[in-house]
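Readers should treat all values here as calculations from the given coordinates under stated rules, not as data from a laboratory. As the structure is a computational prediction, the values presented were derived from the model and not from experiment. Counting neighbours? That spans all protein chains shown, and the Cβs are built from the backbone with ideal geometry, glycine included.
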Amino acid sequence: MQTHTSRSASVCRLAAAAAATLFSALPAQASALDETINAVFASTTGWFVNFIFAPLPGTSFPWIVLWLVVGAVVMTLYFGFIQFRVIRHSLQLVRGDFSDPKDAGEVSHFQALATALSGTVGLGNIAGVAVAVSIGGPGATFWMILAGLLGMASKFTECTLGVKYRNEYPDGTVSGGPMYYITKGFAERGIPGGKALAILFAIFCVLGSLGGGNMFQANQAHQQIAGVFGDFPGWITGIIFAVIVFAVIVGGLKSIARVTDKIVPFMGVLYCGTALVIVLMNYDKIGWAFGQIFAGAFTGLGVAGGMVGALIQGFKRAAFSNEAGVGSAAIAHSAVRTKEPITEGFVSLLEPFIDTVVICTMTALVIVITQQLMIDPATGLYIIQDGRIATVGGTSGVGLTSAAFGSAVSWFPYVLAVAVILFAFSTMISWSYYGLKAWTYLFGEGKGQELSFKLLFCLFVVIGAAANLGPVIDFSDAAIFAMAVVNIIGLYMLLPIVKRELESYLSRLRSGEIRKFR
Amino acid sequence: MSNTIIVAYDGSAAGRRAVDFAAALVQGAECSLVLLHVLEWSPYSFLTPDEVEERHARRKVELARAESAIVAPIKADLEAAGLKVNAQIRYGNVTDTICEVAQETGARQIVIGRTGQAGVMSRLFGSVAGALAQVAPVPCTIVP
């Protein structure tokens, strides 16, 4: 016993010494490696980013933002403000009021919602919002909330279609998502070009899963870890993350995913709870904060680009966070068994509400209310440095959120660090699934195809952690918005199908043919 | 009053004693026996995307396994002894489901073994038998 203890102690010392030498030798080489990865990455993806974010001719307004806004508005109007009409029924569905007890043991509406939420609630809510308010000012929050409310209609449409047109295989598994509803739905309506559009979507989905669903997450997780424990090369975090992701998606070590998926909801509640406490601690500034949000929404309060700048940032970050119109949620929801595809749509429209209207707003409020954004006392306008608002301590991204929480609750950055890592991880696992579904759509179902995608996914974890925030965030956005371009075209074409489903369901609900089980 | 007796069986030795006890009650009397096996399931647990996708297939496997390994052998034994058995497999919270079935069938009595899957968890959170003793809608016999 004695010798065993002393031996293990000496092994520990040896390992520590080895690690110390390794780390002391690394920095010079490591930062060079980080820079190389960064330069190569920025130069190879630049053209794609430029195309997606190209402004409308003669303005500084990116066409992609207009595309998303118009899409969400059209769907909101077409379905007669569906997001407000059915929300009570959505809650009843989630509570299980309409679930047939005979189907117990199948995935419930609550589980479908929770799984989809753990894929969307992530760094977009923590880091993305910080980016939005530091570039677009507090006013971006207003546009973010509006985008969240409108996005509920897009989410409703895509998730209904996802379930309706999924593929079911003899072994009971299913594959669904925009690539399937675009192909089958277009064929059903006799619209040409479905196959080509579906392939285009699948390509963008693979890029999106490697970008926003992977590199952005790894990058921000690294920033947060480095912020708490001191700076060290990003590729080290990348390799550690890649190994864990590898263990889960390739090694089938589901227990890790299961554990994080169980902790993530509690982290979400803890995050919102703490944010609420901080807001209440500053109750005297709540009125002022909302004043800043509303005033900023229409004037910009001196932010670069003014009102338009705030609007662009708000809509961009909201779309990136709740993924409404992007098509990813349609993949997640399509695996759920239900007799009525439309019920999945009703449930899914709660996601943008929880994700953006509740959680994102909390983050923004905490940043504004703790006065992280520096105001020039003379003019009352925000101080602009390098195109964004100067912050106390010069933080950005997840660092800004961390500083905002830390200024009120000193130990919270540690909790946030854990939350960020878990959120990042669960989002990566979800997106690895979305990417995989798109990949197998392109290359066919099979073990070999699956493995090749999973290995590629792990490689991008390392690249994402090592690259700088700028190029990574640009590429992540571009890839995710490219998915939205294709998906929303598909949604426009298939709107009448969803309308038919909706009217049929609502009339059966009114007539009592669809009834409560409890 | 109906003459149905429910016996909850989880495959354990105590469960088997409960079945035998219930069989003795039913034997010779004008009673029918419901043999109930509940698979613990909460619609509010959290699943990964993979688990969501596999759920339907896995449910089929779970039901088949419960049928072949747990319910069918006991049912065969009871039928061999000349009893009429209505076997049911359900998903849900074990205690709640037993109570639901008791109400649906208008059962006269519930019979259950005292120690199902005993262990630290049931010591901490209470056992099914303990919970049933408190909430059962009809008389409940707990077989040691």
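Here is the list for the range B:1-92: GluC sites (Glu not before Pro) lying in DSSP coil, each with at most 14 other C-beta atoms within 10 angstrom of its C-beta, are B:GLU30. Computed across the protein assembly as shown, the Kirkwood radius stands at 27.2 Å (inverse of mean 1/r, all Cα pairs). The alpha carbons of the range A:130-205 occupy a box of 50, 29, 22 Å along the principal axes, longest dimension given first.
Which net charge results when you count Lys and Arg as +1 and Asp and Glu as -1 among the other residues whose beta-carbon is under 12 Å from that of A:PRO233? Within the 12 Å Cβ shell, the charges total -3. In order along the range A:460-466, the Karplus-derived 3J(HN,Hα) couplings, from 6.51 cos²θ - 1.76 cosθ + 1.60 at θ = phi - 60°, round to 5, 4, 5, 4, x, 6, 7 Hz, and Gly and Pro are given as x. By the count of neighbouring beta-carbon atoms within 10 Å, fewest first, B:HIS37, A:HIS333, A:HIS222 end up ordered B:HIS37, A:HIS222, A:HIS333. Here the simple spin-label model places points 7 Å from the Cα toward Cβ, and for A:ILE383 and A:LYS254 these points are separated by 5.4 nm.
What is the calculated FRET efficiency for A:ARG500 to A:PHE229, with r their C-beta to C-beta distance and R₀ = 60 Å, to the nearest 0.05? Working from the Cβ atoms, E equals 0.60.
For the range A:264-285 versus the range A:389-409, the spacing of their alpha-carbon centroids is 16 Å.
The residues packed around A:ASP477, meaning those with a beta-carbon under 15 Å from its beta-carbon, carry a net charge of 0 if Lys and Arg are +1 and Asp and Glu are -1.
Can you compute log10 of I(q)/I(0) for the range A:218-259 with the Debye formula, treating each Cα as one identical point scatterer, at q = 0.22, 0.24, 0.27, 0.29 Å⁻¹? Debye curve over Cα of the range A:218-259, log10 I(q)/I(0) at q = 0.22, 0.24, 0.27, 0.29 Å⁻¹: -0.72, -0.78, -0.85, -0.90. Kirkwood radius for the range A:70-229, taken over all pairs of different Cα atoms as the inverse mean of 1/r, rounds to 18.8 Å.
Size descriptors for the range A:221-297, from the alpha-carbon set: Rg then Dmax equal 18.9, 52 Å.
Look at A:LEU33, B:LEU33 and count the other Cβ atoms within 10 Å of each Cβ; fewest to most, that gives A:LEU33, B:LEU33. Over chain A, dividing the summed -39,500 (n - 2.57) contributions of all DSSP H runs of at least 4 residues by the number of residues returns a 222 nm mean residue ellipticity of -24500 deg cm²/dmol.
Report D for the range A:417-497 in µm² per second (integer): Stokes-Einstein, Kirkwood Rh on Cα pairs, 25 °C, 0.890 mPa s.
Details: Rh = 14.8 Å.
Answer, rounded: 166 µm²/s.
Working note: Karplus 6.51/-1.76/1.60 with θ = phi - 60° gives the range A:318-331 the couplings 5, 5, 5, 7, 9, 6, 6, x, 7, x, 5, 5, 4, 5 Hz, where Gly and Pro are set to x.
One decimal place: the segment A:ILE286-A:LEU459 gains 57.8 nm when fully extended, by the rule 0.36 nm per residue minus the C-alpha distance. When you filter the trypsin sites (Lys or Arg not before Pro) in the range A:296-373 for DSSP loop state and at most 15 other Cβ atoms inside 10 Å of their Cβ, you are left with A:LYS339. The simple spin-label model puts a point 7 Å past each Cα toward its Cβ; for A:MET374 and A:VAL40 those points are separated by 3.8 nm.
For the range A:248-349, count the residues as N, evaluate 2.2 N^0.38 Å, and divide the Cα radius of gyration by that value, please.
Numbers: Rg = 19.7 Å, N = 102, 2.2 N^0.38 = 12.8 Å.
Working it through for the range A:248-349, the quotient is 1.54.
Between A:VAL70 and A:SER507, the modelled labels are 3.3 nm apart [label points 7 Å from Cα along Cα→Cβ]. Once you reduce the range B:37-80 and the range A:54-113 to the center of their Cα atoms, the two points are 33 Å from each other.
Where only DSSP H runs of four or more residues are counted, chain B gives -14000 deg cm²/dmol as its mean residue ellipticity at 222 nm, each run worth -39500 (n - 2.57).
Whole number please: convex hull volume per residue of the Cα set in chain B, in Å³?
Working: hull volume 16.5 nm³, N = 144.
In chain B, the Cα convex hull volume per residue is 115 Å³.
As a length-normalised measure over Cα pairs under 8 Å and 6 or more apart, the relative contact order of chain A settles at 32 percent. Candidate cross-link partners of A:LYS316 among the aspartates and glutamates, defined by an alpha-carbon separation under 16 Å and a same-chain spacing of 8 or more, comprise A:ASP355, A:ASP474, A:ASP477. Full extension of the chain between A:ILE239 and A:ALA196 gives 11.9 nm of extra length, using 0.36 nm per residue less the Cα-Cα distance. Among all stretches of chain A without exposed chymotrypsin sites (Phe, Trp or Tyr not before Pro) (DSSP loop, at most 11 other Cβ atoms within 10 Å), which one is longest? Maximal segment without exposed cleavage sites: A:1-410. In percent, rounded to a whole number, the relative contact order of the range A:170-235 is 21, using alpha-carbon pairs under 8 Å and six or more apart.
Shown here is the pair-distance distribution of the range A:141-268: with all Cα-Cα distances grouped in 10 Å bins from zero up to the longest one, the shares run 10, 23, 34, 24, 8, 1 percent.
Calculate, in nm to one decimal, what A:PHE517 and A:LEU91 gain on full extension: separation in residues at 0.36 nm each, minus their alpha carbon distance.
Taking 0.36 nm per residue and subtracting the Cα distance, the gain is 151.9 nm.
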